Structure formats: structure tokens, C-alpha cells
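First comes the structure, then the notes that go with it.
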Amino acid sequence: MPQNLDITTLLSKDKKIVSFVGTTKNGTSFLINNLGELFSSMGINTAILDVTKNKNSYYIYTKNEENLRKVALHCMENLGKGIPEGIKVNKNLTVYTSLPTEEEKENYEEILKTLVKNYSLVLIDCDFDTNVHYFENSQEIYLVQSMDILTIQPLTAFLRDLKAKKVLTPEKIRVVINKQSRIYSLNPKVIIGGMAFYNDPSMSFMTELFDKDNVRYSVIPLDAQVYAKYLEGLVNCKISLNGYSKTFITSLKELGNMVYPLLNNKYRPVANYERKDRFSL
């Protein structure tokens with residue numbers, strides 16, 4: 001079983017570590033990158049830590065520039081040495097990533113300690129291959145799920161494994177329904193109900209993962225124009241909120257207020273966040 005890292009003394013009331021994870025193509029990196037832009041635009045000193053296998057952020061944020069590739073090549077190693085030298089996207093946003101083919105030999109404790117010391121908010125982009133230490137030491141774990149219900153099974157299987165390793169703390173769980181469409185028989189509550197239990201494929205047993213009735217959640221609507229704008233940003237290696245619809249920005253801000261609650265542009269404790277209880281469909 002993983003051991004807790006001693007970073008609790010560094011987590012003051014204005015510091016936070018959160019991780020995002022979901023099945024491939026459900027939009028985890030999409031949310032992480034846009035939240036990074038949102039928080040940095042609000043003056044919050046933010047770091048994105050990409051610990052996925054594919055390292056999508058390497059291709060986006062190095063911009064095909066040799067000097068930025070050199071930064072990415074050494075930034076994880078430097079974090080382990082207490083040196084916060086990542087890819088500086090703007091004044092308040094820094095990205096830490098590595099080569100997709102690079103073998104992970106990370107000093108998890110020092111990486112997290114260095115990030116917490118130097119940033120107010122750490123957004124961790126995870127997948128099912130991410131080392132469990134990152135989930136264990138996140139204050140919140142955001143499960144990203146689309147309307148594609150067939151992707152729920154691998155997510156719940158992953159969560160079951162985390163629970164077996166005593167890493168999954170139900171109180172940490174948050175849910176993001178991404179690419180939400182108005183389907184009468186498939187509303188957010190139904191999707192969350194499916195995510196809350198692991199069902200053995202043979203239906204021989206079922207394991208509860210979190211409380212479906214009390215979990216905090218947020219919904220991001222499906223917006224083809226927003227995704228087209230985002231894909232354009234990927235091509236140009238520049239993520240921007242400019243050109244997004246007001247509806248999408250409002251939803252993104254609601255998610256942001258769950259991740260890093262703000263009141264008059266100042267951090268407020270997560271406990272003060274009020275969970276949405278229902279959605280009109």
C-alpha cells in the first residue's frame with residue numbers, strides 16, 4: 001500500500017492539489033488545459049502536472065520549439081530536486097511534462113512538495129497508468145465522464161483497483177459530466193449512478209465506490225464550436241478561452257469554483273461550496 005507523503009504542513013488554506021482522470025477521449029486534458037487558462041487569467045498561480053502516458057501537454061506547450069523541448073526534457077527531474085523550472089505559458093501558468101517515451105523515474109514526494117511550495121493550485125492530468133501516489137495525495141479527485149456510457153466500465157474498474165489499494169477516499173471524489181447533451185433517459189444523475197458502482201462483467205458482484213446521492217458534480221455542455229476552437233488551438237499550440245461561447249465559459253467557471261472556490265477573487269474553503277442538486281433537462 002502506498003505511504004502518505006508528508007506534504008500536509010505545506011497545504012495552507014490557499015494551496016490546493018487536485019487530480020483529473022477519465023477514460024481516453026472523455027476530455028480530461030481538455031478540461032485541465034482550459035481550467036489552467038481560466039485560473040491564470042484570474043491571477044491564480046497555477047501549475048499543470050502531466051503524468052499521463054501519452055503526455056499530450058508535451059506536444060501542445062513545447063510549440064515545436066527546441067528551447068521549450070529542452071525545458072520539458074529536464075523539468076520533472078528538476079522538480080524532484082526542488083527546482084520549479086517548467087514551461088512558462090504565461091505569468092500565472094506553468095506546465096510540467098516530459099517526453100512520452102521517457103521512462104518514469106519520479107521522486108513523487110519531492111515533486112509534489114516543490115509544486116505546493118511554489119504554486120497556489122496544482123492541476124494533475126492523470127490516466128489509468130498514473131502512479132497512485134498522485135491520487136493518494138490529491139485533496140480532490142475529479143472523475144471525467146462523457147455521455148458515452150460504454151466508457152464507464154473501465155473507469156469504475158480503475159476506481160475499484162484504487163479502492164483495493166486503499167487509495168480511493170470517497171470524500172475526495174468529484175464528478176464532471178463532460179460533453180453533456182440533452183437526452184431524456186440519460187441525465188447527469190443516471191450517469192453518476194452508473195459511475196458510483198463497479199459491476200463485475202459477469203454481474204456476479206458489485207462494489208460501491210462513492211455515494212452517488214451526495215457526490216459533488218459539475219456539467220460541461222457539448223459545444224461543437226468550442227471543441228473546434230480548441231482543436232484549432234492544438235494545431236497552433238496555443239490554448240485560449242477567446243472565442244468560446246458564454247454558455248461554455250459559465251459552465252467552466254462553475255467547475256472552476258468547485259476546484260478552487262473564489263469569493264471576491266480570494267480563495268475560500270472548499271467546504272463552503274454548495275453542490276448542485278438538480279439539473280433542468
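Values quoted throughout were computed directly from the atomic coordinates according to the rules given, and no laboratory measurement underlies them. On a predicted model such as this, the values are computed, not experimentally measured, just so you know. Positions of Cβ are generated from backbone atoms using ideal geometry, with glycine treated the same way; all protein chains shown enter the neighbour counts.
Observations
- Residues C237, C75, arranged from fewest to most other Cβ atoms within 10 angstrom of their Cβ, appear as C237, C75.
- Residues in segment 210-218 carry Karplus couplings, in order, of 7, 7, 5, 7, 10, 5, 7, 8, 9 Hz; the curve used is 6.51 cos²θ - 1.76 cosθ + 1.60 with θ = phi - 60°, and Gly or Pro positions show x.
- Values of log10 I(q)/I(0), in the order q = 0.07, 0.17 Å⁻¹, for the chain under a Debye, Cα-only, solvent-free model: -0.24, -1.56
- On full extension, the segment bounded by A224 and N131 gains 30.2 nm, given 0.36 nm per residue less the C-alpha separation.
- Leading residue at positive end of dipole, segment 14-259 (Cβ point charges), from H74, L162, N187: N187
- Shape call, segment 88-146: gyration tensor on alpha carbons, a/c limit 1.5: rounded
- Listed values for segment 15-20 are Karplus-derived 3J(HN,Hα) couplings in whole Hz (6.51 cos²θ - 1.76 cosθ + 1.60, θ = phi - 60°), namely 10, 7, 10, 10, 10, 10, and x replaces Gly and Pro.
- Distance from segment 10-41 to segment 223-263 (C-alpha centre basis), Å: 12
- Residues F30, F205, F248 arranged by fewest to most Cβ contacts within 10 Å: F205, F248, F30
- Taking the average, over residues, of other Cβ atoms within 10 Å as the packing measure, peptides 178-186, 44-52 rank 44-52, 178-186 from highest down.
- Dipole check for segment 37-178: with +1 at the C-beta of Lys and Arg, -1 at the C-beta of Asp and Glu, and the Cα centre as origin, the magnitude is about 260 Debye.
- Over segment 14-259, relative contact order from alpha-carbon pairs under 8 Å, at least 6 apart, %: 24
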